[in-house]
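Just so you know, all these numbers are worked out from the coordinates, no wet-lab data involved. These numbers were taken from a predicted model, which means no experiment stands behind them. When we count neighbours, we look across all protein chains shown, and the Cβ atoms used for this are built from the backbone with ideal geometry, even at glycine.
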Amino acid sequence: MKQAFKEFSPFQVNPDKVWADYNINASDFEPATESEKESMVEIRKSVSYWRDAARRFKNNTVSMVALGIFIVVLLFAFLGPSLIPYDYANQYRSSQKLGPFEYSDQEAKIKSIEDQVDCMFATALQPGSSTGLDPGDYYFKFKGNTYCFNLDKKLSDSVIILKDGELSTVREVHIMNGEIKRSTPLAFTSEVAEGAKELTIAKKVFPHMVGTDSQGRDLLARTMYGARVSIIIGIVAALIVLVIGSIYGAISGLCGGVVDFVMMRIVELIYSVPEILLVLLLQVVLKDPLQKWFDASNSWFANALSTLGAGIVSIFITFALLYWVTMSRIVRGQVLMLKKQEYVTAATALGASNGRIIRRHLLPNCVGQLVITTCLQIPSAIFLESFLSFLGLGVSAPMASLGSLCSDALGTITIFPYRLLFPGAVLTIIVLTLNLVGDGLRDALDPRLKK
Amino acid sequence: MLIYIAKRLAAAVATLLLIMTITFFLMNTIPGSPFLTEKSTPQQIELANQKYGLDKPLVVQLKNYLVNYCKGDLGVSLKMQEGTPVKDILFRQGKFGLSMRLGLLAVLVAVVLGIPLGCLAAYKRGTWVDGLLRVLTTVGVAIPTFVLAATLLIYLGVKAQLLPVLSGSLTNWKAYIMPVISLSFYDVCYIAKLTRTSMLDAINQDYIRTARAKGVKNKWIVLKHALRNSLIPVVTFLGPLIAFIITGSFVVETTFSIPGLGKYFVESVINRDYTVIMATTFVVSILVIAMNLVVDIVYKVIDPRITLSSTDE
């Protein structure tokens, strides 16, 4: 076909020629069959904005690796505590100031016989000041069986072990040089006596992988717990900032005029305040009244907050008061920009209500920016919390955050440097990976910004 | 220009007033009194309150503070160094000077190192130098100041024994090294990142192409044409930088036991030394507000395209 037209351009048509001489067949102009139509139509599924963004994010190796590491840290913080037998608050009197993978004398003694038994209860491994078991009834569960026994005299510095699997002998032992000496069989029943206390039994002496602090608390457990507290604070603070900032910014941008002017002057005022002075002051100011309110009030809200502790709640209040200004400026900028778009004008011309324009046009187009800013807000909230806790103003013991762990470690930094370096490293990894994920999200959700 | 500066000055005074008022009322909501100790009797507290004017209504107290500050009188310490004029504590005992020396050095280091590093990364874009700098700066902005400070302390101070562990009043030049590094590290990294991005942005502009077409050497293009235009975001960052440096100084002064302004402020809040809290807030706020003002004006000088009257984005 193309060939034919090349030889005779339309400007040189010879009127003497008949159609047949142009090599045009009537058959070329027949309607296409269904199969021909199908082969011509290029089928490409419409790709939604979010699918497109997800694809771009997946192609970003750095962000994907960062996300992977962050998920590992999340598992460390949220699942980790259930994998180790130590608790963040429990103090082990005999295991104070241990280095990584060090055992206290008692622990070492029990460890020397751990191959010879199936499981055990060791008084040295119990938290708190209990160096022994007082006389009374006790029970524990092992492999679906319940063992209950009675102690007629105080049991100190000893272990109760279960040996040879199903053969259920509960014995009190004394250990010397890695051997069991002088073990006394205890009579037991499978019926739990009334008022019996449950014992937690261990299969092994679990190592203190990063040592313990001066109160004998396991640092790994504390770091896991601290990471959890820090991450939760970061996320909640970012959400608070998101809600307040976007509502404020949206109202300011939508209303315009005098309202916008006044609201933006307020933002500027808060912006120019050296916030760190106020933050420090707020931490001290809020702590006591909050504590009083927690103690006095019985509402579920106060109870829920009091489990968080006054320190954390006052951090949230600080964010709600001072840190939403950046978010509100971003949202206002977005709204102002979107308001001028042709499709909004078109929607207005078609008679769409304000609510519909906000829902259909403004919100979906803002979401990308909101996600990016919120994601990048999390690490900065974690930063601020750790800074406050480091100065001794954030969370208070026995609760821990990564900042307070570093703060606790500062006094003994010359002797036990790992106490600061380990939580510090976890903190750095969290902030680093979140920053990288945030950058990746920005590139994925707002490709125009990518340089 | 003058009208702009006058307007900004008025806004600055308003901000300062607001900060002082908020601080004053917040401070007074802290339960307890600065004179409350285990031994003090109610009569003693009342006497002390009378002596320092704490029995007057709050509004009168606030007015007294502000009037005295205008006269240059910062009051006397109520608790931590009872009876000593706060002015003497801050200025004569060297607390203010100490923090300022540290802070200004850190800002200097941040600018002097950060901008060239950013230029280098942009100039060598895509090479290993750029890659290395990118990794370094990305990690750098994620390390909290106190982790860096403590790490330096452990490895340079305790293990290698190269530098003094306790910086004290910074009498020795060696004592400056670790605090200044920890204070400026974040900002060096941030400024380097910022400079690289805005430099690459500037390089794609038309005037750079023109310069290149004229045959100007690549080095001069970067140094003369691109740098000036890429400095604008960096200058914008200098305002918050001052605030960051102050934030950092709280941590760095605690870590290295430097008796500076930051450490003193934290102590005064914890001790409820009202006059010291107010005076320190006053001094630091003036510093921050003045710096923001200077940055805004410098901004205008660097980039004449920016109109000063519009404050919107």
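Rounded to the nearest whole angstrom, the semi-axes of the ellipsoid equivalent to region A:336-392, taken from the Cα gyration tensor as √(5λ), stand at 39, 9, 8, largest first. Among A:Met337, B:Met20, a tally of other beta-carbon atoms within 10 Å of each Cβ gives an order, fewest to most, of A:Met337, B:Met20.
When the charge dipole of region A:204-297 is built from unit charges on Cβ atoms (+1 for Lys and Arg, -1 for Asp and Glu) and taken about the Cα centre, the candidate among A:Leu282, A:Ser214, A:Leu254 whose Cα reaches farthest toward its positive end is A:Ser214. Listing A:Glu36, B:Glu267, A:Glu385, B:Glu253 from fewest to most neighbouring C-beta atoms within 10 Å gives A:Glu36, B:Glu267, B:Glu253, A:Glu385. Here each label is just a point 7 Å from Cα along the line to Cβ, and for A:Ala296 and A:Arg265 those points are 3.7 nm apart.
Against chain B, whose longest principal axis is taken from its Cα atoms, helix B:173-203 shows a tilt of about 40°. Where q = 0.12, 0.22, 0.28 Å⁻¹, what log10 of I(q)/I(0) comes from the Debye formula for region B:172-232, counting one point per Cα? Rounded to two decimals, the profile gives -0.44, -0.81, -1.07.
Counting residues in chain B as N, plug N into 2.2 N^0.38 Å and put the Cα Rg over that result. Let's see the in-between values first.
On the way: Rg = 23.7 Å, N = 313, 2.2 N^0.38 = 19.5 Å.
It is 1.21.
By the count of other C-beta atoms within 10 Å, a proxy for reagent exposure, A:Leu362, A:Leu427, B:Leu162 are ordered fewest to most as B:Leu162, A:Leu362, A:Leu427.
Please give the charge dipole size of region B:170-283, origin at the Cα centre, charges +1 on K and R Cβ atoms and -1 on D and E Cβ atoms. Round to the nearest 20 debye. Numbers along the way, then the final one.
Details: 12 positive and 6 negative charges, 180 e Å.
Charge dipole of region B:170-283: 860 debye, to the nearest 20.
Taking Cα atoms only, the orientation of helix B:227-255 departs from the longest principal axis of chain B by about 40 degrees. Near the amide H of A:Ser396, within less than 5 Å, lie the amide hydrogens of A:Gly311, all on another chain or at least 5 residues away, with H placed in the peptide plane.
Can you tell me the relative contact order of region A:226-321? Whole percent, Cα pairs under 8 Å, sequence separation 6 or more.
Working: 43 pairs, mean separation 36.0, N = 96.
Relative contact order of region A:226-321: 38 percent.
Using the empirical formula 2.2 N^0.38 Å as the baseline, the Cα radius of gyration of region B:13-144 reaches a ratio of 1.70. Taking chain B as a Gaussian network of alpha-carbon nodes connected by springs under 10 Å, the highest mean-square fluctuation of the residues B:Thr281, B:Thr127, B:Thr151 belongs to B:Thr127. Each principal axis of the Cα atoms in region B:102-188 has its own extent, and those three values, largest first, are 43, 26, 20 angstrom.
Across peptide B:136-146, what mean number of C-beta atoms from other chains lies inside 10 Å of a residue's C-beta?
On the way: counts 0, 0, 6, 4, 1, 5, 12, 6, 12, 4, 12.
Across the residues of B:136-146, the mean count of other-chain Cβ atoms within 10 Å is 6.
Within region B:60-128, the trypsin sites (Lys or Arg not before Pro) that combine a DSSP coil assignment with at most 15 other C-beta atoms in a 10 angstrom radius are B:Lys71, B:Lys124, B:Arg125. Ranked by the mean number of other Cβ atoms within 10 Å of their residues, highest first, the peptides A:54-67, B:226-239 fall in the order B:226-239, A:54-67. The ratio of the alpha-carbon radius of gyration of region B:71-135 to the globular-protein estimate 2.2 N^0.38 Å is 2.01.
Projecting the Cα atoms of B:Thr84, B:Val107, B:Val59 onto the charge dipole of region B:1-139 (Cβ charges, centred on the Cα centre) puts B:Val107 farthest toward the positive pole.
Our coupling estimate for region A:303-311, obtained by passing each phi through the Karplus curve with A = 6.51, B = -1.76, C = 1.60 and θ = phi - 60°, is 5, 4, 5, 5, 5, 6, x, 5, x Hz, Gly and Pro reported as x. Shown here are the Rg and Dmax of the Cα trace of region A:363-451, at 16.8, 55 Å.
What is the Cα convex hull volume of region A:205-341 when expressed per residue in Å³?
Per residue, the Cα convex hull of region A:205-341 comes to 185 Å³.
Since only A:Ile71, A:Thr33, A:Ala53 are under comparison, the one whose Cα sits farthest along the positive direction of the charge dipole of region A:27-78, derived from C-beta charges on Lys, Arg, Asp and Glu, is A:Ile71. Size check on region B:156-302: the Cα extents along the three principal axes, sorted descending, read 65, 41, 21 Å.
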